[in-house]
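Since the structure comes first, as structure tokens, the remarks are kept for the end.
Throughout, read-outs are computed from the coordinates displayed, never taken from laboratory work. Keep in mind that what you see is a predicted model, and the values were worked out from it rather than measured. For neighbour counting, all protein chains shown are included, and Cβ atoms are generated from backbone atoms with ideal geometry for every residue, glycine included.
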Amino acid sequence: MFSRMRLVYQVFVKVFKVRFIPLILVWIYLSLRVGIAALMQLDKLFFPKLATTQVTRPIIIVGNPRTGTTFLHRFLVEQGFGCGLHLYRSVYPPILLQRGLRPLLPFLEKVSPARFHQSAAHDTNLSSVETDDSTMFLRYFDGFFLYGFFLAWHEDDLLSLFDPEIRDTAARDFDWLEGVWRRSMVAQGKDRIVAKLFSTGPRTPAFLNRFPDAHILYMVRDPLDVIPSTFSLVTGVLENAFGYSKLPEEAKARYHERLYLALVDLFRRFHTDWASGRIDRSRVMVVSYERMMRDFDGLMAEMIPFFDMQPTPEQLAAIRATADEQRAYVSKHKYNLAKYGLSAERIRKDCAFVYDTWLTPASA
């Protein structure tokens, strides 16, 4: 962990031109980490139900960013198909700490990194249901977010640090997730978790080995929409936090290329396991973004039996209402590939396997 901190600090100093604030943040982070570990032990005394709560039949939403994962995640949680991790539960996993801090959330919003997100691209706050990858990032200072936002800026190519075939952290990460999920279930009085994990895509076989009764939804969308939308989201956060547009052009060009290759690799690793038969397809449902937008009610009619559930009248009504909203939705986002040194031709070529396997020719 400390070696990764050192690498990130080098990025802060050499690229973002920030030297002292990261040192303060490290002190706060380490202090919080120690306090969280202690309070999680106390949770066991105050909440004995933790000892008997098991993570069974979790619903896991997987896919590249900007494939509709957030929308589906929040819908399933809001409609009671299971409970999800609100961002403050990811940041503060102990139940004791959550209860103490809940009245302070409006104040904590003012210092939360979530404020750097552009609401037009991704509306979030501490009370929002968010990706479970954030809790692993905060616990281990590692993973998908660390590379995408910070270490892809480093002078050295550090992607191998996050390659599960070179450095496998699955057991560590799954242990932590299970503990956080059990606390979330106890705190919210639910018996099933709904999670969103970008990092599960490249290690789906390992995840299914650990959670063999999991129900995985793999979200797929045209890479010509996914990749520039992801760039827009990430660089928007970086603009608000560090003035991305004013950073050196050479550093930005290097970063764009590395982020692009990482996003393509995220597609490729899941596809490789899917095509090779390493993934038990009976445990995975592929969900098309385009269908989710035009046939949400039909899609949910297939998805709910996949969860081994029966919908309630209230859930059916919410599905019908949402289906009408989805069909009427028109995206206002426009993307300039050249801004990131990309072209449609390159994306189609590099992601041909996505089109060949899951998307109709018209999508490409």
Counting each DSSP H run of 4 or more residues in the chain as -39500 (n - 2.57), what helix-only mean residue ellipticity at 222 nm follows after dividing by all residues, to the nearest 500 deg cm²/dmol?
-17000 deg cm²/dmol
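Go through the stretch 159-200 and name the trypsin sites (Lys or Arg not before Pro) that are in a DSSP coil and have 14 or fewer other Cβ atoms within 10 Å of their Cβ. List each step's numbers first, then the result.
On the way: sites: R167, R172, R182, R183, K190, R192, K196; in loops: R167, K190, R192.
Passing both the DSSP loop test and the Cβ count: R167.
Once the other residues with Cβ under 11 Å from the Cβ of G63 are scored (Lys, Arg +1; Asp, Glu -1), what is the net sum?
Details: positive: R66, K196, R221; negative: none.
Within the 11 Å Cβ shell, the charges total +3.
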Label point distance in nm, R294-D175, each placed 7 Å from Cα along Cα→Cβ:
4.8
What are the lysines whose alpha-carbon lies under 24 Å from the alpha-carbon of K246, with same-chain residues fewer than 8 places away excluded?
K14, K17, K334, K339
At a Förster radius of 56 Å, what calculated FRET efficiency corresponds to the Cβ-Cβ distance of D324 and Y140, to the nearest 0.05?
0.85
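Which percent, nearest 5, of DSSP beta bridges in the chain are antiparallel? It would help to have the intermediate numbers written out before the result.
Numbers: 1 of 15 bridges.
Roughly 5 percent of the DSSP beta bridges within the chain come out antiparallel.
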Cβ-defined net charge surrounding M303, 12 Å radius [Lys, Arg +1; Asp, Glu -1]
-3
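Tell me which chymotrypsin sites (Phe, Trp or Tyr not before Pro) from the stretch 11-81 have a DSSP coil assignment and no more than 10 other beta carbons within 10 Å of their own.
Values: sites: F12, F16, F20, W27, Y29, F46, F71, F75, F81; in loops: F16, F20, F81.
Of the chymotrypsin sites (Phe, Trp or Tyr not before Pro), the ones in loops of the stretch 11-81 whose Cβ has at most 10 other Cβ atoms within 10 Å are F20.
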If I take every Cα pair under 8 Å that is 6 or more residues apart in the chain, average their sequence separation and divide by the length, what percent do I get for the relative contact order?
23
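Quick check: net charge around L50, other residues with Cβ under 9 Å of its Cβ, Lys/Arg +1 and Asp/Glu -1? Please report the intermediate quantities before stating the final value.
On the way: positive: K44, K49, R182, R183; negative: D43.
Cβ neighbours under 9 Å give a net charge of +3.
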Filtered trypsin sites (Lys or Arg not before Pro), the stretch 29-117: DSSP coil and at most 12 other beta carbons within 10 Å
K110
Distant-in-sequence amide H partners of V286 (H built 1.01 Å from N, under 5 Å)
Y218
Karplus (6.51, -1.76, 1.60) ³J(HN,Hα), θ = phi - 60°, over the stretch 223-234, in Hz, Gly and Pro reported as x:
x, 5, 9, 5, 5, x, 5, 5, 4, 4, 5, 5
Amide H within-cut-off set for I60, under 5 Å, with H built and near neighbours excluded
A195, H215, I216, L217
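Computed FRET efficiency, Cβ-Cβ of R6 and E314, R0 45 Å: what is it to the nearest 0.05? Display every interim value, and only then the final one.
Numbers: r = 51 Å, r/R0 = 1.14.
So, using R0 = 45 Å, E works out to roughly 0.30.
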Quick one: check the C-alpha center-to-center distance for the stretch 192-250 versus the stretch 74-109, whole angstrom.
21
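Once fully extended, how much extra length lies between S127 and D156, figured as 0.36 nm per residue of separation less the alpha-carbon to alpha-carbon distance?
Details: separation 29, 0.36 × 29 = 10.44 nm, distance 3.65 nm.
Length gained between S127 and D156: 6.8 nm.
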